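The values are calculated or read from the model by the stated rules, or taken from the named source; none is laboratory data. Values in this document were obtained by computation on a predicted structure and should not be read as measured data. When we count neighbours, we look across all protein chains shown, and the Cβ atoms used for this are built from the backbone with ideal geometry, even at glycine.
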């Protein structure tokens, strides 16, 4: 009889555990579906029931980063209002919500994330790389005002100037150049900013970058009176 009772209790416990696990799985799926659909009501309801605002999806992307990347502003606001949110949590690739805001050109969100503690200075890819690839020159200027290094290198050697030349606004590339970005630098594949522009079909920008690279090279050549010339 005691053995039967123990077995019964075990079965009941197993059923309850399976039910809890199933409910959690359903909540997890519902949460990330709501993030993608900008369903703030569902997200808020799950958060109020104790769902972790810093949960990551199976690919390792935090909910906030996904909301910003997918263009879910209502969900973004709901997450930002949660007291336990970690606004600078990176995904498996080192990307953050601030980087996504910079890429999307959402200046107001980028500023809010920064005010909440998001970092503008990271190892590897940085918000400035993403901003230089995006549609808003004001974010690039803002990040430079915050002392983001203008020639910061990504793991593959790319600089913000290369990203602007190949993917961002031509005006941003020109502005970075005017502010002192170095067009002579090359990435791990041996490409400079001019080559990025050339491959993007921006021949006039490529020519300006090549001219500036040539000017700098001549200025620093031995015997030119530049920084590498003997005194």
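Some points to look at:
- Failed item, numbered, when residue 96 is tested on (1) more than 21 Å from residue 27 (Cα to Cα); (2) over 15 Å from the mean Cα position of the chain (by Cα): (2)
- Test: residue in segment 94-114 that is free of Cβ contacts under 8 Å to residues at least 24 places away in the same chain and in the same structural domain as residue 164 (by TED's automatic domain parsing): yes
- Residue 110 being in contact with a helix residue (DSSP H, G or I) (Cβ under 9 Å, 6 or more places away or on another chain), surrounded by 19 or more Cβ atoms within 10 Å (Cβ to Cβ) and closer than 18 Å to residue 132 by Cα: yes
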